[in-house]
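Working notes for the structure below.
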Amino acid sequence: MNGNGHTEGSIVKIRRNPEPNDDAFKVKLSVKFLVTSLLACCLFAFSLGRAARLALLQRSIKHEVPRQREVSLPVFLTDGKVPQSSYYSQNLDTSKSSSSSSWLAINRHKPIPTNKSCDDDSESNFTEAVAEHVMVDIKHVDSSFLNSEHLLAHAMLEVVKESNLMLLSYHCHGMEPTGVSCVGVLRQNYISFHTWPQEGVITLDVCVGGSVASSSLVSAIPTIERVFGVQSRYSTEKPEMWWARKVRGFPQHSAPTDLYTYLINSLAAKVKDRVASVETEYQKIDVYDYAKGKNALAFQSNDAMQSSDALAAHRPQRMVFLDGWVQSTLFHEAAYHEALVHPAMFSHPKPKKVAIIGGGEGATLREVLKHNTVKEAIMIEIDETMVNASREFLPEWSDCSDLVGSSDWCGEDPRARMYYEDAYAWFINRYAQDLNKESLDVIIMDALDPESEVPFAEALYDNIAFMKSFYDSLRKSGVLVMQLGQSPNVRDADETLSKHKNRSKVMRLLEDVGFKSIHTYEEGHCGFGDAWSFVVAFKSYIARQRWFRNSAEVDLEILKRVKRTKTGTSPLLYFDGATMQSYQEPPRGIETVFCRRNPTPRECLDPKLIYNPELPSVDVSAFEVKVSATAEKAGRGVYAKADIPLRTYIAPYETTRNLRVYPSTYKIIVDLYEEGPVESLLESMGITGETEAYKEYECLYFYLHAYGFTNRKHGAREVTVDSSIITFVNHGCRGTYNVGVETEIDEFSADPDEPEEALDGRSHAGTSIFNPVIDRHLLMIGDMNIKDIKTGDEILDNYVAFVGSLEEWEEDIEDLQAMCKGEIIEGSVTDYEEYYGSMSGGI
């Protein structure tokens, strides 16, 4: 104490107020005291609350389902004999377990002879190291159920019994403070699970090997969900199950099908419900609803949400599998079926009678019926059960209710004709004997993929009689289209050596039976993982001009042809003019695989088609224009100002920027001038006589014919006019040309009276009619010299390659012959320049 009687270090100082009438006290507290007191109170409150929580939780669990240690676990009874086996058990540290129980099956039958081999076992064969593993996760499960070894053991035994498995023993441990772990030893493998009662979660595994793996454990999933998915009494949330199935070990059989690879084996899917499984005479049909992420959350929401438009947009994906292989999906079937049907249908000027091979879902028929030109749509499907199952479980695929004048089910549309027959027999019986020939406009083959490893695929895709019946059944402007399976990529091998060999056989057969123009294309939104390829074949070469129409022309045709809908929306979800234009050139992968053929097709090595940067090129400054030496008054010619070695690109930058008048535009120009409508058009505008407008139109017409080169790469006649002095290159008679395209015929060996064979042979300069290289490079890089050119040599081309149509073949060949004989001394360029030059004062 100090001198004043106070304790040293006291934090409380009390002082009496010196005022005589004030008996109040004043208390001073330090900051340190206040902070310490506050922290102590908080710590005490936290400790008390945590202790109370744990006590209440433990009491709640014990109150709901007490550990029934005195109750023995249920016994699994089986009628089958228990195989001879040895049993070993050792209990390790169980201090973390509140209880531990076991059950062991005892063989009461005669022991199995020890000298009996596995191969002699009539019940199963264990020689293959393979097992089937099903993994199941369930949440929102009742916590009391998840904390009871007795109830969980009963559930496990029910799964074992209904799955026809044999249980040898099982062991369960109740964990502290909560949770249960159980494992059951099966004859071939095991079943096990662990629970988290506080979280409402159980994870379960069933693994079965040997012969049992051949009968899929997927059938046990509904049982597992029923016996383990017990809803909590204190929650409105329904149990939610995720599951997946895997193949373990080293199976000797083929790879798993799509049903297992993309659906069954995936643990990510929240919704994986089997809608239907139908076994027909020809195939097994499986229909599943599949969803994950936001779609699954919306699908599993409450009933009020499920009636909203937003939920409709998040409905699960419906998938159709045939013999385990994905056939179609709800979200992608429209893209696939529109890509299959409409490119061929719009490539025909007016399809009236259409035949569909396969297409059991009804979606191919649905797309055909959207064309108002169709009078009869014939569907030949061998599997009537497939059609009926699709109508029941895949209603969207064959829904025509929105089409004006149609029916709810497309199969009942007045224009539909359904034949439940073998398509092979249907076509052979009708068209192989010269009966009903040329009665169809379009044939759509929506049957097996060519790479399907089934005997029927060989019959479809390697049968010339079947393919010939297609050709014979089509009218002259007829079109055939079929799907070809997974599209090739640039890393694939030559298809004749791969699993896609049937695809190469199809191309060969199409050529052999007589199709004149064959094209492949692909669509990447079909829902098959990879892009899907298709082939379209035209019976006549000129019919391909509609394949190469521009997007505006196709859009206009769509507007005129497709049927109207009751809702006022477009019946086409994906297909339009721009989509059609994307199909016109085959993808790079198809070209690359084509060029891996042995021997390599010559066009794959043609630098005029596929640019080779290693080769030299010369620009237009290396040439000059002088009077041609080919004939008197032959007009101008182009001469080299320097030596040009063999295989040099001739003015490539100028020749790729030329004027092109495509078939549809060229036809308008010709029709307006030659048929006279241009005069009527001008007269309707009050313009008569030899007006400037008429002269300008006439000038355009003759300009194209004087300076242009005709060809029919896109089916009908079109004109190309070079944008530089290269346009003055003359014709080299009797094979003296030194640039351009080499052909087997020249102006003298060509017969003017037999144009079709010669013209087709000249137009298809490739090694085959199906030629993705030529299709991808219809607009060539430019001319290339095929001989060494010296300084002062005239550049001469092969004009035979420019004759553009059957109608003009005779006239053009006779003109070239006369020109080379010196009988015609003035060409069309000379005529044009003299006539219009005199009118305008010179050109």
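The values are calculated or read from the model by the stated rules, or taken from the named source; none is laboratory data. Keep in mind the model is a prediction, meaning the values are calculated, not measured. Virtual Cβ from ideal backbone geometry, glycine too; neighbours counted across all protein chains shown. Accessible surface is based on the protein model in full, side chains and every heavy atom, while ligands, DNA and RNA are left aside. Shrake-Rupley method; radii C 1.70, N 1.55, O 1.52, S 1.80 Å.
Tabulated values for the structure
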| read-out | value |
| --- | --- |
| Scan of the stretch 538-581 for residues that are over 21 Å from H714 (Cβ atoms) and open to solvent by 40 Å² or more (accessible area, probe 1.4 Å), ordered by number | L559, K560, K563, R564, K566, T567, G568, T569, S570, L573, Y574 |
| Strands (runs of 3 or more DSSP E) contained entirely in the stretch 165-232, each with at least 1 residues that are within 41 Å of the chain's Cα centre (by Cα) | 190-196, 201-209 |
| Which numbered condition V535 fails, given (1) surrounded by fewer than 17 Cβ atoms within 10 Å (Cβ to Cβ); (2) under 23 Å from E333 (Cα atoms) | (1) |
| Residue selected from the stretch 653-674 under the condition within 38 Å of the chain's Cα centre (by Cα) and under 12 Å from V721 (Cα atoms), by the criterion most open to solvent (accessible area, probe 1.4 Å) | R657 |
| Output for the stretch 381-411, where each listed residue is under 23 Å from the mean Cα position of the chain (by Cα) and open to solvent by 50 Å² or more (accessible area, probe 1.4 Å) | P395, E396, D399 |
| Search result, residues across the stretch 617-645 that are outside any strand (DSSP E or B) and open to solvent by 60 Å² or more (accessible area, probe 1.4 Å) | D619, S621, A629, T630, E632, K633, K641, D643, P645 |
| Checklist (1) under 25 Å from D273 (Cβ atoms); (2) buried (at least 21 other Cβ atoms within 10 Å of the Cβ) applied to C182, failing item | (1) |
| Selection status of I378, open to solvent by less than 50 Å² (accessible area, probe 1.4 Å), at pLDDT 95 or above, of a type in the set (A, V, I, L, M, F, W, C) and in contact with a Phe, Trp or Tyr (Cβ under 6 Å, 6 or more places away or on another chain) | no |
| Counted residues, the stretch 705-720 - those being of a type outside the set (F, W, Y), open to solvent by less than 30 Å² (accessible area, probe 1.4 Å) and over 40 Å from the mean Cα position of the chain (by Cα) | 2 |
| Leading residue by the ranking (surrounded by the fewest Cβ atoms within 10 Å (Cβ to Cβ)) among those in the stretch 267-288 that are charged (D, E, K, R) and touching a Leu at 6+ places or on another chain (Cβ under 9 Å) | K284 |
| Which listed residue, of L263, L259, is at pLDDT 80 or above, out of contact with any Lys or Arg (no Cβ under 7 Å at 6 or more places or on another chain), assigned to a helix (DSSP H, G or I) and surrounded by 19 or more Cβ atoms within 10 Å (Cβ to Cβ) | L259 |
| Residue within the stretch 433-455 that is under 27 Å from the mean Cα position of the chain (by Cα), farther than 20 Å from G359 by Cα and modelled with pLDDT of 75 or more present | no |
| Pairs where the first residue, in the stretch 705-726, is on the phi > 0 side of the Ramachandran plot and the second is modelled with pLDDT of 85 or more and in a strand (DSSP E or B), C-beta under 8 Å, 6+ apart | G715/S517 |
| Residue within the stretch 793-810 that is modelled with pLDDT of 90 or more, of a type outside the set (D, E, K, R) and touching a Phe, Trp or Tyr at 6+ places or on another chain (Cβ under 9 Å) present | yes |
| Some residue of the stretch 738-749 being open to solvent by less than 30 Å² (accessible area, probe 1.4 Å) and closer than 12 Å to V800 by Cα | yes |
| Top-ranked residue of the stretch 590-622 - restricted to ones that are touching an Asp or Glu at 6+ places or on another chain (Cβ under 7 Å) and of a type outside the set (K, R), ranked as nearest to E495 (Cα to Cα) | V593 |
| Residue match in the stretch 508-524 (condition: within 25 Å of the chain's Cα centre (by Cα) and modelled with pLDDT under 90) | no |
| Condition check for S143: of a type in the set (G, A, S), crowded, with 19+ Cβ neighbours inside 10 Å and out of contact with any strand residue (DSSP E or B) (no Cβ under 8 Å at 6 or more places or on another chain) | yes |
| Filter result (outside any strand (DSSP E or B) and under 23 Å from A750 (Cβ atoms)) within the stretch 707-734 | G708, R712, K713, H714, G715, A716, R717, V729, G732, C733, R734 |
| Matching residues, the stretch 604-638, being of a type outside the set (S, T, Y), over 19 Å from Y649 (Cα atoms) and modelled with pLDDT of 85 or more | K626, V627, A629, R636 |
| The stretch 600-652 - residue that is under 52 Å from the mean Cα position of the chain (by Cα) and among the hydroxyl-bearing types (S, T, Y) and, of those, farthest from V773 (Cα to Cα) | S621 |
| Complete set of residues in the stretch 634-651 that are of a type in the set (K, R) and within 10 Å of K790 (Cα to Cα) | K641 |
| Residue that is open to solvent by less than 40 Å² (accessible area, probe 1.4 Å) and assigned to a helix (DSSP H, G or I), where the choices are L480, L509, L484 | L509 |
| Filter result for Y521 (within 28 Å of K350 (Cα to Cα), aromatic (F, W, Y) and surrounded by fewer than 21 Cβ atoms within 10 Å (Cβ to Cβ)) | no |
